[in-house]
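One structure is given below, encoded as C-alpha cells.
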Amino acid sequence: MKSDRHISADAIRGAFSSAMSAMYRSEVPAYGTLLSLVAEVNSRTLDTQPGLKQRLEQTDTLDRISEERHGAIRVGTPEELSMLRRVFAVMGMYPVGYYDLSEAGVPVHSTAFRPVGDAALKINPFRVFTSLLRLDLIGDAALREEAAATLKARRIFTPGALELVEKAEAQGGLGEEDAARFVKEIIETFRWHDQASVSSDLYRRLHDAHRLVADVVSFKGPHINHLTPRTLDIDAVQELMPDHGIAPKAVIEGPPSRTCPILLRQTSFKALEEQVSFRNATGEWEKGSHTARFGEIEQRGIALTPKGRALYDRLLTETRKLARPAADGSNAEAYISALANTFKAFPDDWAAIREQGLGYFRYSPVSGAKVSTGDNSDLETLIALGAVQFDPIVYEDFLPVSAAGIFQSNLGDGASQQFSASPSQKEFEAHLGAAVLDEFEHYARLEKDSVEACLRHFSPVALAS
Ligand code: OOG
Ligand code: NI
C-alpha cells in the first residue's frame, strides 16, 4: 500500500547519490580534486556562454549541474545482481540496456540501473552501471571453482539493508526514518575494503586470468569503482587535469567535439594503485596493492537511432584503423585529428540529423502558433510552417561496447585479453530476475509521444474522433 508518509523514490536516490559522493571523496582524495575542477570549469563556462546558461536554466537545475551523473560497480553472482535490482528499485532505478563486455575482452556483462521518466531524471539523474562477472569465460576450471567458492561465502548486504528492501516492497515505499536508514545501510555495500578476502597467491592467479576478475572476487563487496560528474566543457577539464595533479587518460572517449553533440563523451583520471593487504598462509597480513578506482567526467549529447548508432560505430571503427590511441598518449594528436576527420561524415546540424533519421527528437508546439485545417495533421507540414519545433532527446545511457572505449580506464596499459562469447542477454536477464528495458524502444516511444501530443494540440477534434 502506498502511503503519503512515504518518501519518494526520487528523494531516496538523491540522498543515496550524495552519500556515495561524500564517501568516495573521503576514500579517494583525487576524486575530490576532480569535483572541484569540474565545478570551477562549469561556472566559468556558464559565465562565458550566457546563451547556454539561459537554456540550462529552463531545463536543468543549475545549482546541481556539477553533481554526479553515474557510478559503476561489479558483482560476482546472480544472487548479488538480483538483490541489487530490488535495492535499486527502492530508489526508482531500473535496468536499461544490455552491454556484452566480452566483445571488448572483458569477462562481464552489464546493465545500467537508472531513473526512466523525464521527471525522475530531472529530479536526480544518478545511475549505476552494474556488471556481473562471467566466471564461465575463465578457462582454468580449478581457478573458476575457487573463485566461485570465495564469492559464495561473502555477504555484500547488511541485514538492515535486506530488511528495509523487504519492508519497502511490502509497503510500497519507505517513511522518512526508514529511508535515511536505508541509505546508510546500502552505502555499506559499496564501501572500499583494504583487506582482501583472498591470499596474495589466489589474488595473483585471479589477476592473471583478468584484472577485473581479481577486482570482483578478492574483496568483501562491490566497491564503487568510479563516480562521474557532468561537465559543460570536457575538453577544458581534460586539459586542466595535469595542472591539478591528476593524470588524465590519453584521449576523451566517444565522438569528437562537435556543434551538435551526439551520445556522450567521457574521460577519467587513471585508476590509482592502492595499498591493500592479503592474509598469508600463517594468518598474517601481508602488504600488496590493487588498482581499480578512478574518477571520470561526462558530457552528453543526443540519443542516436539504430541508424545513427550504426554510423557512429562505423566511423569510430574507421578512426581506429587510422590510429588506435596508445595508453601513454604518444599518438593522442594523431587520434584526435583522425577522429575529427572521420566524423565529418556525421551531419553536424540538428535539422540534417533529424531529416536523415540519425537521432531522436522531442517535438513541441510553438507557443501561439495557429494553423488552418488541412495543414494540421502532418508533422512535416507543421514544422515547415514553424508551428512545431524539435529539440534533441538527451542520451541517458552508456557508450556502446562495440566501440571498445568503455572500461579502458581501469584495464591498465597492457593489452586486453580476448574472450570469445556470444551475446547472452537472456542469461543475464534470468540472473537479474527481470528483462532490461530496450533503450532504442524507450527513446522511440518518447519521440512518438511528443509527436502525438503536437498533432493533438493542432487538431484536437480530428484525433478525438
Ligand atoms: C564500468 C565501465 C562503464 C562508463 O562510463 O562507460 C562506465 C566499470 O568499469 O565497471 O561506467
Ligand atoms: Ni563511467
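The values are calculated or read from the model by the stated rules, or taken from the named source; none is laboratory data. This structure is a prediction, so every number in the text was calculated from the model and none was measured. Heads up, the Cβs are rebuilt from the backbone with ideal geometry, glycines too, and the neighbour counts pull from every protein chain shown. The protein model used for the area step is the full one, side chains on, heavy atoms only, and it has no ligands, DNA or RNA in it. Shrake-Rupley method; radii C 1.70, N 1.55, O 1.52, S 1.80 Å.
A convex hull fitted to the Cα coordinates of region 27-77 yields 101 cubic angstrom per residue. To one decimal place, what Kirkwood hydrodynamic radius in Å is obtained for region 116-195 from all pairs of distinct Cα atoms? Evaluated over region 116-195, this radius sits at 15.9 Å. Within the full protein context, the accessible area of T259 is estimated at about 110 Å² for a probe radius of 1.4 Å. Note on A430 and A142: their simple-model spin labels are 3.0 nm apart, each label 7 Å out from Cα toward Cβ.
Taking N as the residue count of region 91-235, its C-alpha radius of gyration divided by 2.2 N^0.38 Å amounts to 1.22. Computed from Cα atoms, the angle from the helix 78-90 axis to the main principal axis of the chain rounds to 50 degrees. Using a probe of 1.4 angstrom and keeping all protein chains present, the accessible surface of region 9-112 works out to 35 square angstrom per residue. Out of every Cα pair in region 89-158, what percent are spaced more than 17 Å from each other? Of all Cα-Cα distances in region 89-158, 59 percent exceed 17 Å. According to the square roots a ≥ b ≥ c of the eigenvalues of the Cα gyration tensor, what is the shape class of region 223-318, taking rounded for a/c under 1.5, prolate for a/b larger than b/c otherwise, and oblate for the remainder? Verdict is prolate for region 223-318. Charge tally for R314 (other residues, Cβ to Cβ under 14 Å; Lys, Arg +1; Asp, Glu -1): +3. I need the fraction of alpha carbon pairs in the chain separated by more than 39 Å, rounded to a whole percent. Counting every Cα pair in the chain, those more than 39 Å apart make up 24 percent. Considering only the Cα atoms of region 280-339, their convex hull presents on average a projected area of 8.2 nm².
Ranked by the mean number of other Cβ atoms within 10 Å of their residues, highest first, the peptides 213-222, 364-373 fall in the order 213-222, 364-373.
When each pair of different Cα atoms in region 1-149 is counted once in the 1/r mean, what is the Kirkwood radius in angstroms, to one decimal?
Final number for the Kirkwood radius of region 1-149 is 17.9 Å.
Among the listed pairs K184/K220; K249/K321; K270/K344; K321/K344; K167/K426, a Cα-Cα separation exceeding 24 Å is found for K270/K344; K167/K426.
Which whole-number value in Å² is the accessible area per residue of region 202-334, probe 1.4 Å?
Heavy-atom accessible area per residue stands at 40 Å².
Each residue was assigned an accessible area with a 1.4 Å probe, and for R191 the value is about 80 Å².
With a 1.4 Å probe and all protein chains left in place, how much of the accessible area of the chain comes from carbon and sulfur atoms, in whole percent? Answer for the chain is 52 percent, counting heavy atoms of protein chains only.
The residues V237, V394, sorted by heavy-atom accessible surface at 1.4 Å with ligands and nucleic acids left out, run V394, V237 from largest to smallest.
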